[in-house]
Amino acid sequence: MQHTIIYLSHGGQKFYDQTRFSVLTLLDLLLKQQREDFRIVIFTDRPEQSPAHDFIRSVHVTAKELKHLRGPLEYIHRIKPEILRRAQAELGLPLMYVDCDTRWLNIPDEQFKLLTGSGPQRNSIVPVFYLHKFEGTLSANFYPNYLRLLDEKRNRLVEWNLRADPPWTMWNSGAIGVPSGATGLVDDVLAVIDDLILEVRQRIYIEQLAFSLVATSRFQVKPFDDCLAHYWNYGSEVPILLRRFFGSFPSGLSIEKLAERCAQYPLDRPMLEKLQSLRSSRFRRWRAKVRNSLHKRKIDIKALWLRIHRT
């Protein structure tokens, strides 16, 4: 049985570089262990940017499709569950989704055993679901706006058959392992996103909240960080290093050698933190913050209009 790992890669060169790096760190593990039971599928608007190997397949997603998947509030993180829904229909379950700003540490053998229901917990009543890592419990000090939102939405949570009483927890969704039989999960996540996103101004983590809420209400959620390092908080720094890294190799380098170089590359947190402290990096983060703030004002107006006209 082949295990399926999917990526979503779109939006610019820095995302294609990060996807290439993450995929090649996994490929190196597979090649070194002579494994042929994994397939990597990249949903992307630029298939030519994907590494070329028999284990890797690209699925083209057009710019028009990507725009549509964002929904009426242009919510970029809404694309992820939509792609998961498409992958589930085309590739089947179980499958593992992985963000592009990652590197592989281990092959997820035990994780897929649990996702297929063949692992040591195969007789468990509650199936296993994977998210990257536990971040915390909603409280007055940890996402208090989301805590208030869910408290106000308790009747809606009951309708959705989700946990209606605290504690509610937040998990990082940089990795999502969907088990066999969880066919309706992504539809439910999208329903939660499309409802909650109209009610709160801090929308960036609503997708993560929705996955956390649905998964913890119906599954035994386990962390995936033994297999994967996730660089979500170094969004300005990782692309700089990877651009230099990939630019240093001759064009004729084999995919196997490039995968080996990726696995050996010391993309560690001390290096990233040092780069993050530089003035140029701080300026890039400030510029991005201003740009996002302007976009957010536009979305606030759209959200208000949708709330007013919601039936």
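The figures follow:
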{"read-out": "Pairs where the first residue, in the range 11-37, is in contact (Cβ under 8 Å) with a residue 24 or more places away in the chain and under 17 Å from Gln264 (Cβ atoms) and the second is of a type in the set (Lys, Arg) and not in a helix (DSSP H, G or I), C-beta under 6 Å, 6+ apart", "value": "Ser22/Arg103; Thr25/Arg103"}
{"read-out": "Tally, over the range 198-223, of residues that are modelled with pLDDT of 95 or more and over 19 Å from Val126 (Cβ atoms)", "value": "6"}
{"read-out": "The range 272-311, subset within 30 Å of Phe245 (Cβ to Cβ), under 25 Å from the mean Cα position of the chain (by Cα) and at pLDDT 70 or above, residue least open to solvent (accessible area, probe 1.4 Å)", "value": "Leu272"}
{"read-out": "Options Asp187, Asp165, Asp226; residue that is without any contact (Cβ under 8 Å) to a residue 12 or more places away in the chain and either assigned to a strand (DSSP E or B) or surrounded by fewer than 21 Cβ atoms within 10 Å (Cβ to Cβ) (or both)", "value": "Asp165"}
{"read-out": "Check on Ala182, in a loop (DSSP other than H, G, I, E, B) and under 20 Å from Ala89 (Cβ atoms)", "value": "yes"}
{"read-out": "Residues (of a type in the set (A, V, I, L, M, F, W, C) and either open to solvent by 30 Å² or more (accessible area, probe 1.4 Å) or in a helix (DSSP H, G or I) (or both)) located in the range 98-119", "value": "Leu105, Phe112, Leu114, Leu115"}
{"read-out": "Filtered residue count, the range 88-97, keeping only those that are among the aliphatic types (A, V, I, L, M) and either part of a strand (DSSP E or B) or in contact with a helix residue (DSSP H, G or I) (Cβ under 9 Å, 6 or more places away or on another chain) (or both)", "value": "3"}
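The values are calculated or read from the model by the stated rules, or taken from the named source; none is laboratory data. Please read all numbers here as calculations on a predicted model, not as lab measurements. Cβ coordinates were reconstructed from backbone atoms using ideal geometry, including for glycine residues, and neighbour counts include every protein chain displayed. Surface areas here come from the heavy atoms of the whole protein model, side chains and all, with no ligands, DNA or RNA. Shrake-Rupley method; radii C 1.70, N 1.55, O 1.52, S 1.80 Å.
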